[in-house]
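Notes follow the structure.
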Amino acid sequence: MNIEERLKAFELLGKKIANIDVNTKQEICQKAHTFNNWFVPENVALSFKGLETLLAPEKFQKWINFYELPKNFTPKKVGVIMAGNIPMVGIHDFISVLISGHILYAKLSSQDPYLLKVIAEMLIEIEPRFEEKIVFAEQLKGIDALIATGSNNSARYFEYYFKDKPKIIRKNRVSCAVLNGKENLEELKLLGMDILTYYGLGCRNVSKVYLPKDFDLTRIMSVLEDFGKELLNNHKYANNYDYNKSIYLIKQIPHLDNGSLMLKESKEIASPISVLFYEFYKSEEEVFDKLHQEKNQLQCLVSKNGWFPNSISFGKAQYPEIDDYADGVDTLSFLLKL
C-alpha cells in the first residue's frame with residue numbers, strides 16, 4: 001500500500017465508525033464492559049467519539065502533510081505495549097504505526113483486550129492488505145522498535161529489556177487546570193467532565209486545580225456533585241471513594257466531601273481516584289513556575305477558553321487532536337526515522 005491508499009482506508013474507517021449502527025455499537029460497548037468493570041458502556045461510547053475526532057478527514061490530512069513520508073522503504077516491526085486504563089487508550093499509536101507503513105505488533109493490556117481488535121477488524125474489512133500489517137502478540141520478540149506506555153516502574157523494565165532498540169517509553173502523567181475565578185456554571189461543568197470522565201483514570205483527566213486566592217471552593221464541589229450518582233453506581237469507584245474517605249477521617253486530614261468526590265489541598269499534582277487536589281495561587285507567574293517544575297509529569301493543561309499559556313479549553317481534555325502527542329513526543333516523526 002502507498003500512503004494515498006493508507007490515507008483513504010483511514011478516511012473510510014472514520015466514516016464507518018461515525019455511521020456504526022446503534023445496536024452494533026451497543027453490543028461492542030457491552031462486551032468491552034465484560035472485560036473491565038471500569039469500562040461502562042457510556043465511557044466506551046465516548047472513546048468512539050474521541051476516535052472520530054482523531055480521524056476527522058481535513059485534520060488527518062493536514063497532520064500527514066506536515067511530514068515527508070517516504071515512498072520506498074522497508075517496513076519495520078514496531079512493538080506497541082498498550083495501556084488499559086481507559087477504553088481504546090492505545091488508538092493513537094495504532095494509527096501512527098499503520099499510517100507510517102510499518103507493521104504493528106501490539107501487546108494489548110489485559111484491561112482492554114477487545115476494543116482495538118474491533119477497530120482492526122473494521123480497518124481490514126475496508127482494506128484487506130492491513131491484515132498482514134497487524135499482529136496481536138503476547139510477547140514482543142524480533143521487533144525493530146518499541147512504543148510502550150506504562151507506570152514509572154514498568155518503564156524501568158522496558159528501558160532495560162529493550163535497551164538496544166529505538167523506543168518511546170511513556171511513564172505516569174497527570175493533567176491540571178488553572179482557574180481565574182471568572183468561570184461560569186457551564187464552564188465549571190465542562191471542567192467537571194475533564195476531571196471525572198472515565199472516573200478520572202486517564203492521564204488527561206484533571207487531578208489538580210490551581211485556584212486564585214479566596215476562590216469559593218463550594219462552587220466546584222456543587223458542580224461536581226451532579227456527577228455523584230453515576231460515579232457511585234460503579235462499585236470500583238465507590239470502593240475507592242470509601243477507602244480514601246476513611247483514610248482522611250481516621251488521620252483527621254482536612255478535606256471537603258460532596259458525597260462522591262473529595263477536595264483536598266495539596267502541593268502534589270497526582271491525586272488518588274475520587275480525590276481532586278487544589279492549591280491557591282497569588283499570581284499567574286507563580287502558577288506558571290510551578291507547572292514548569294512539573295512539566296515532566298504533565299500530560300495536558302486546561303483553562304477557561306485556553307487563556308492560560310499552553311492550555312486547552314475546558315471540556316476538551318479527553319478529545320485530543322491527532323497531532324497532540326502523548327508526553328509531547330512526536331510519535332510519527334519517530335516512526336518515519338526508523
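Quick one: which strands (runs of 3 or more DSSP E) lie wholly within segment 221-338 and hold at least 2 residues that are out of contact with any helix residue (DSSP H, G or I) (no Cβ under 8 Å at 6 or more places or on another chain) and outside the structural domain of ILE103 (by TED's automatic domain parsing)? Don't jump to the end; show me each part of the working.
Working: elements: 262-265, 275-281, 298-303.
Fully inside segment 221-338 and qualifying: 275-281, 298-303.
Got at least one residue in segment 152-163 being surrounded by fewer than 22 Cβ atoms within 10 Å (Cβ to Cβ), among the polar types (S, T, N, Q), modelled with pLDDT under 95 and under 15 Å from the mean Cα position of the chain (by Cα)?
The answer is no; no qualifying residue exists.
Could you give every pair whose Cβ atoms fall below 6 Å, whose first residue belongs to segment 272-287 and is over 15 Å from CYS203 (Cα atoms), and whose second residue is basic (Lys, Arg) and surrounded by fewer than 19 Cβ atoms within 10 Å (Cβ to Cβ), counting only separations of at least 6 or pairs across chains?
Pairs found: PHE280/LYS213; LYS282/LYS213.
Report yes if some residue within segment 182-192 is of a type in the set (A, V, I, L, M, F, W, C), modelled with pLDDT of 95 or more, outside the structural domain of ASP112 (by TED's automatic domain parsing) and touching a Gly at 6+ places or on another chain (Cβ under 9 Å); otherwise report no.
Taking every residue of segment 182-192 in turn, at least one turns out to be of a type in the set (A, V, I, L, M, F, W, C), modelled with pLDDT of 95 or more, outside the structural domain of ASP112 (by TED's automatic domain parsing) and touching a Gly at 6+ places or on another chain (Cβ under 9 Å).
Out of all the residues in segment 192-213, is one or more loosely packed, with under 15 Cβ neighbours inside 10 Å, in contact (Cβ under 8 Å) with a residue 12 or more places away in the chain and not aromatic (Phe, Trp, Tyr)?
The answer is yes; a qualifying residue exists.
When you go through (1) touching a Lys or Arg at 6+ places or on another chain (Cβ under 6 Å); (2) without any contact (Cβ under 8 Å) to a residue 24 or more places away in the chain; (3) of a type in the set (Ser, Thr, Tyr) one by one for TYR105, which number turns out not to apply?
Condition not satisfied by TYR105: (2).
Take the residues in segment 111-144 that are part of a loop (DSSP other than H, G, I, E, B) and touching a helix residue (DSSP H, G or I) at 6+ places or on another chain (Cβ under 8 Å), then tell me which one is farthest from ILE86 (Cα to Cα). I'd like the intermediate steps shown before the answer.
Pass one, segment 111-144, residues part of a loop (DSSP other than H, G, I, E, B): 111-114, 127, 137-144.
From the residues that got through so far, the ones that are touching a helix residue (DSSP H, G or I) at 6+ places or on another chain (Cβ under 8 Å) too are 111-114, 127.
Details: GLN111: 9, ASP112: 8, PRO113: 12, TYR114: 12, GLU127: 27 Å.
So the residue we want is GLU127.
Looking at this structure, is VAL135 modelled with pLDDT of 95 or more and either within 22 Å of the chain's Cα centre (by Cα) or outside the structural domain of PRO166 (by TED's automatic domain parsing) (or both)?
no
Can you spot a residue in segment 297-317 that is surrounded by 21 or more Cβ atoms within 10 Å (Cβ to Cβ), within 25 Å of GLU52 (Cβ to Cβ) and without any contact (Cβ under 8 Å) to a residue 24 or more places away in the chain?
yes
Say we look at segment 57-71 and pick out the residues that are of a type in the set (Lys, Arg) and more than 13 Å from GLU4 (Cα to Cα); which of these is nearest to the chain's Cα centre (by Cα)? Walk me through it before giving the result.
Just the residues of segment 57-71 that are of a type in the set (Lys, Arg), to begin with: 59, 62, 71.
Retained after the next criterion (residues that are more than 13 Å from GLU4 (Cα to Cα)): 59, 62.
Numbers: LYS59: 19, LYS62: 22 Å.
Result: LYS59.
Determine the pairs where a residue that is in contact (Cβ under 8 Å) with a residue 24 or more places away in the chain, located within segment 244-262, has a partner that is among the basic types (Lys, Arg) with Cβ atoms under 8 Å apart, the partner being 6 or more residues away or on another chain.
Partner pairs satisfying both residue conditions: LEU256/LYS264; SER260/LYS229.
Go through segment 270-299 and give me each residue that's within 29 Å of HIS235 (Cα to Cα) and hydrophobic (A, V, I, L, M, F, W, C).
Of everything in segment 270-299, those that are within 29 Å of HIS235 (Cα to Cα) and hydrophobic (A, V, I, L, M, F, W, C) turn out to be ALA270, ILE273, VAL275, LEU276, PHE277, LEU298.
Listed residues SER274, SER333; which is farther than 21 Å from ARG170 by Cα, among the small types (Gly, Ala, Ser) and at pLDDT 95 or above? Before you say what the answer is, go through the steps one by one.
Details: SER333 fails: farther than 21 Å from ARG170 by Cα.
On inspection, the qualifying residue turns out to be SER274.
The values are calculated or read from the model by the stated rules, or taken from the named source; none is laboratory data. These numbers come from a predicted model, not from an experiment. As a convention, Cβ positions derive from the backbone with ideal geometry for all residues, glycine included, and neighbour counts pool all protein chains shown.
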